[in-house]
Amino acid sequence: MNFSVLATQFWSLCLQGVALGFIYVLISLGYTMVYGVLRLINFANSEVVMVGTFATVIAQVTILKNATDSDPLHGFKLIYTLIFALVFSALICGVLGVLVELVAYRRLRALGTNRLASLISAIAVSIVLSEAVRIYSHSAPLTSPRLLEKWSFGEVAGANFRIDTVLIIVAGSIIFFALDRFVNRSRLGKAIRAVSMSEENSKLMGINLNRVISLTFFIGGLTTGAAAFFYTTVYETTQFNVGFNLGLAAFTAAVLGGIGNLRGAFYGGIFLGVLEQFSSAILGSQWKSVTVFLVLVLVLLIKPSGIFGEAVQQTRT
Amino acid sequence: MLNIRDKGASIWENWNRMKRVSFVLTVIVLVGLLPYAGTFPLTSFLNTPITSYQAVLVYPIAMFVLMALGLNIVVGKSGLLDLGYVAFFAIGAYTMGILGTTTKLNTWEILPFGIGFAMLAGLLLGLPALRLRGDYLAIVTLGFGEIVRIIALNLTQTGGPNGVVGIPNPPPIFGQKFELNDHAGYFWIIFIMILLVIWMVRRFTIRRPGRAWEAIRQDEDVAALMGVNLLVYKLWSFSIGAAIGGAAGVIYASKVMFIAPDMFTFNVSVLILACVVFGGMGNMWGVILGASILAYLPERIRFISNSRQLVFGLVLLVIMNVRPDGLLPRKKREKIKLKGAK
């Protein structure tokens, strides 16, 4: 127990937590969007994150030919590389999300089977993805080149506004805001919301169900891929097994906020990021997931639908 | 679709008691002889490359069948999605590890403790968690599985990441010795436990708890309206499932003599759940078949060592898409009767 950090590093921990939280927010959108439409946990999303981190490194090293040990980039080349890697990773993950839906969910959905069958087939897809990447990478960690020189904008109340922290917060907010606008204002977003309210009725209204579901997986994949890019930019290394912990944290965030609800995922993710930072500073990082789960259980006991969620239907297996 | 289950059930119902008893006894003897199947020329195709066939028979096959039967009570019979079943396995294993190395108790004396602690953990988790529904229950149980592993990883009493070493093997019973490289004895012990579980589940299914679970699985609200005490029967289902996991953990720790937190990851929970769903939720024979196949397959194809998990994932994906209700799904007799009534 080390409560003295609360006095000395309070704002710094908050800032780090918010930055980490934005990564969780973007991943948890991949869970919450799919849950909203299908009422199914998209178990393969954790491996989509993992593939995204590899895609980011591949975009930088193989496609743009930046050596792993090269100096940080500057100016136009930096911006170009960052945007290219972000878009590449997001697109790969988006397409992967659509493929996951095609392979793991579509046939089972057409047969109208129990939910657990889809769960297991999604788990099977995630085994396939993580094993394929493990064989491809020979189980070795992959290092990404340092793109950003880690300079700081300055300190405010002990919180160090480093360039990557600021980048995540700004870009993450933009992506979330854009998505929120898309779902709440556009025609396709309206279709997504309609399907999440009632599949039957939206079919009657002439909505192409398969297309809307594919679109949802695509958007979930896009944000997940963006999160994978930010993760790689900050931690600069990845491995075939990074997906599990990230996915678990993001899923917890989605449940905390109320699964199936965009803004819930936002608050849940930020809350979880800050909570993780504080619990690792106070109790030691090995206890952080224990704290997170205890908080989750407490929240669910007090408000079983998550902080911002509506009541979930009963599971039928 | 080929319906082996109904075919089998109709043959079974046409048999008299004599035939049934002799059939069951034959099956028990045949399964009991399985450890020697590897050396018998006709059945030697069962042999697994690289790992010893007898060792595979004990862990993972028999162990997975036992745990899948336990999880089947929770997921298949009562419809509660438990993603942290490995926690109970770990609690049983650590009970054996700690008590076995620090006290003079032997495995058979620790077994009740292991079962008791696992049941207690099931109750402690169940009391808050079983009030939740559906996917929220899934995430809380998943978290519980991780918490147990992380606690084992970080406490000094559990040996941290190094785990517990030098756990004693069980003492002999009826002249049957238990040693690290003598697998047949362990197989028979787990086989007896499996038979006990099958008997127990069959009794439960036709009695009050079984009917209550079935009602809860079909519709919680209706069950509650019919006067089923939801929390009590869910807790029963949860802690009986936990007890079986704990028993499996005790035997496992006592056999391998060494346990570490790495052995109790989320992957094990997923595998056991996959066994249940793959075989056919709620149908014991399906679950046994599914667990045997999913445990045996990765060992049988070990010669393609590097990509065997990949092949495993692909097979699981294809089978789930072809037979979404599992290999031997539960009876749907109720449905057929309803159609007839119309």
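The values are calculated or read from the model by the stated rules, or taken from the named source; none is laboratory data. These numbers come from a predicted model, not from an experiment. Positions of Cβ are generated from backbone atoms using ideal geometry, with glycine treated the same way; all protein chains shown enter the neighbour counts.
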Checklist entry - Does any residue in segment B:75-93 that is under 16 Å from B:ILE150 (Cβ atoms) come within less than 6 Å, Cβ to Cβ, of a residue that is among the aromatic types (Phe, Trp, Tyr) six or more places away or on a different chain, and which pairs are these? => result B:GLY84/B:PHE144; B:VAL86/B:PHE264; B:ALA87/B:PHE144; B:ALA90/B:PHE264; B:ILE91/B:PHE117; B:ALA93/B:TYR252
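Search segment A:29-51 for residues being among the small types (Gly, Ala, Ser) and within 12 Å of chain B (Cβ to nearest Cβ), and hand back the single one that is nearest to B:LEU271 (Cα to Cα).
Within segment A:29-51, the subset among the small types (Gly, Ala, Ser) is A:30, A:36, A:44, A:46.
Cutting the leftovers down to within 12 Å of chain B (Cβ to nearest Cβ) gives us A:44, A:46.
On the way: A:ALA44: 15, A:SER46: 17 Å.
Once the filter is applied, the top-ranked residue is A:ALA44.
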Item to check | Cβ-Cβ under 7 Å pairs, at least 6 apart or on other chains, segment A:206-218 side at negative phi, far side surrounded by fewer than 21 Cβ atoms within 10 Å (Cβ to Cβ) and not small (Gly, Ala, Ser) | outcome: A:LEU209/A:GLU199; A:LEU209/A:LYS203; A:SER214/A:VAL98; A:LEU215/A:LEU188; A:PHE217/A:VAL98; A:PHE218/A:VAL98
Item to check | Which numbered condition A:SER186 fails, given (1) at pLDDT 90 or above; (2) closer than 26 Å to A:TRP287 by Cβ | outcome: (2)
Item to check | Selection from segment B:253-279 of residues that are of a type outside the set (Lys, Arg), crowded, with 24+ Cβ neighbours inside 10 Å and either in contact with a Pro (Cβ under 7 Å, 6 or more places away or on another chain) or more than 13 Å from chain A (Cβ to nearest Cβ) (or both) | outcome: B:ALA253, B:SER254, B:ILE259, B:PHE264
Checklist outcome for this item: Counting only residues that are more than 7 Å from every other protein chain (Cβ to nearest Cβ), within 15 Å of A:LEU209 (Cβ to Cβ) and either in contact with a Cys (Cβ under 9 Å, 6 or more places away or on another chain) or not basic (Lys, Arg) (or both), segment A:91-125 contains a total of 6
Checklist entry - Restricting the first residue to segment A:253-270 and requiring it to be more than 10 Å from chain B (Cβ to nearest Cβ), which pairs with a second residue that is acidic (Asp, Glu) meet a Cβ separation below 6 Å and a spacing of at least six or different chains? => result A:LEU262/A:ASP180
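Quick one: in segment B:120-136, which of the residues that are of a type in the set (A, V, I, L, M) and surrounded by fewer than 24 Cβ atoms within 10 Å (Cβ to Cβ) is nearest to the other protein chains (Cβ to nearest Cβ)?
The first filter runs over segment B:120-136 and keeps only residues of a type in the set (A, V, I, L, M), leaving B:120-121, B:123-125, B:127, B:129-130, B:132.
Keeping just the survivors that are surrounded by fewer than 24 Cβ atoms within 10 Å (Cβ to Cβ) gives B:120-121, B:123-124, B:127, B:130, B:132.
Numbers: B:LEU120: 17, B:ALA121: 14, B:LEU123: 15, B:LEU124: 11, B:LEU127: 10, B:LEU130: 11, B:LEU132: 6 Å.
Per the stated criteria, the residue is B:LEU132.
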Checklist outcome for this item: Result of the Cβ filter at 8 Å on segment B:1-22, keeping first residues that are at negative phi and partners that are at pLDDT below 80 and of a type in the set (D, E, K, R), at least 6 apart or interchain, is B:ARG5/B:LYS331; B:ASP6/B:LYS331; B:ALA9/B:LYS331
Checklist entry - How many residues are in contact with a His (Cβ under 7 Å, 6 or more places away or on another chain) and either over 19 Å from B:LEU297 (Cβ atoms) or crowded, with 24+ Cβ neighbours inside 10 Å (or both) when one looks only at segment B:40-96? => result 2
Item to check | Residue ID - nearest to the other protein chains (Cβ to nearest Cβ), chosen from residues in segment B:208-232 that are outside any helix (DSSP H, G or I) and closer than 20 Å to B:VAL75 by Cβ | outcome: B:ASP219
